[in-house]
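Here is the structure we will look at, set down as structure tokens.
The values are calculated or read from the model by the stated rules, or taken from the named source; none is laboratory data. Keep in mind that what you see is a predicted model, and the values were worked out from it rather than measured. For neighbour counting, all protein chains shown are included, and Cβ atoms are generated from backbone atoms with ideal geometry for every residue, glycine included.
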Ligand code: OGA
Ligand code: MN
């Protein structure tokens with residue numbers, strides 16, 4: 001296995017690995033280690049059946065059942081098709097358009113720790129997935145701001161019907177929602193990371209709304225700053241996996257007349273713990 005950095009911010013391309021084959025414990029450990037180091041891993045030219053996609057994801061932990069779209073894909077199935085055409089007879093989800101930055105499932109008590117996205121059909125242009133490093137984003141804040149964030153919690157909500165791709169102030173009372181620390185301690189590396197995003201974070205708990213809006217926007221503008229990004233331009237057969245507690249991602253727009261089909265699996269994570277708070 002070889003790893004080639006994809007940007008100065010985060011991301012590495014793993015070469016010399018065929019994910020359709022069983023792998024040794026040593027190789028798995030190497031991949032696990034570079035995943036934590038690089039936050040986002042890209043494997044090109046993979047020929048992944050549902051089974052091999054599943055096997056690789058499962059090697060990182062228990063799978064997260066698909067919950068946000070159970071009305072579309074049915075219970076207890078681990079695959080989510082992010083697609084703008086039906087797959088296996090069911091409509092895809094998050095079909096079209098730009099999607100703002102987010103950590104996956106930050107509106108659940110137990111967000112996923114890793115996501116595995118595999119490209120089956122891609123448009124000629126656009127539909128890129130952008131990643132930012134939330135550990136670096138935190139690190140680069142000045143001390144005064146770090147101090148200000150200490151102990152804060154943020155209310156996250158995701159109303160799939162109203163705000164699947166862009167933030168909305170209005171949300172259904174039943175929409176999945178959860179409050180998490182705004183700065184978390186990474187469960188495996190112990191690194192401090194921002195855990196608040198433009199798409200899913202609604203307000204900072206116990207803070208006046210105007211102040212909360214201003215502070216969140218300041219953090220989002222900072223984190224989304226160009227130098228912290230890697231933009232993945234997809235090829236069919238790419239498997240991209242990310243560390244959901246150390247990165248965020250967003251999608252650029254693309255022509256809805258062209259098809260884009262991605263198969264996604266997520267692996268369950270622990271409940272995020274605030275920086276400096278004993279678990
Ligand atoms: C996801 C996601 C964006 C994309 O799979 O969690 O946000 O590029 N995907 O389709
Ligand atoms: Mn996502």
Quiz item: Is it true that residue 91 is more than 25 Å from residue 7 (Cβ to Cβ) and within 15 Å of ligand 2 (Cβ to nearest atom)?
Solution: no
Quiz item: Just checking, which of 173, 250, 193 is within 30 Å of residue 90 (Cα to Cα), touching a strand residue (DSSP E or B) at 6+ places or on another chain (Cβ under 6 Å) and either more than 14 Å from ligand 2 (Cβ to nearest atom) or not in a loop (DSSP other than H, G, I, E, B) (or both)?
Solution: 250
Practice problem: Can you tell me which residue within the range 213-238, out of those that are more than 14 Å from the chain's Cα centre (by Cα) and farther than 30 Å from residue 152 by Cα, is nearest to ligand 1 (Cβ to nearest atom)? | Solution: 234
Quiz prompt | Among (1) part of a loop (DSSP other than H, G, I, E, B); (2) in contact with a strand residue (DSSP E or B) (Cβ under 7 Å, 6 or more places away or on another chain), the one test that residue 117 misses | solution = (1)
Exercise. Report yes if some residue within the range 127-141 is surrounded by 14 or more Cβ atoms within 10 Å (Cβ to Cβ), part of a loop (DSSP other than H, G, I, E, B), within 13 Å of ligand 1 (Cβ to nearest atom) and modelled with pLDDT of 95 or more; otherwise report no.
Key: yes
Quiz item: Of all residues in the range 151-186 being more than 17 Å from residue 101 (Cα to Cα) and loosely packed, with under 15 Cβ neighbours inside 10 Å, which is modelled with the highest pLDDT?
Solution: 151
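To keep it simple, each residue is scored yes or no on (1) farther than 28 Å from residue 125 by Cα; (2) within 14 Å of ligand 2 (Cβ to nearest atom).
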site	(1), (2)
216	yes, no
228	no, no
241	no, yes
264	no, yes
Quiz item: If you check residue 203 against the conditions, is it closer than 29 Å to residue 51 by Cα and touching a residue at least 12 places away in the same chain (Cβ under 8 Å)?
Solution: no
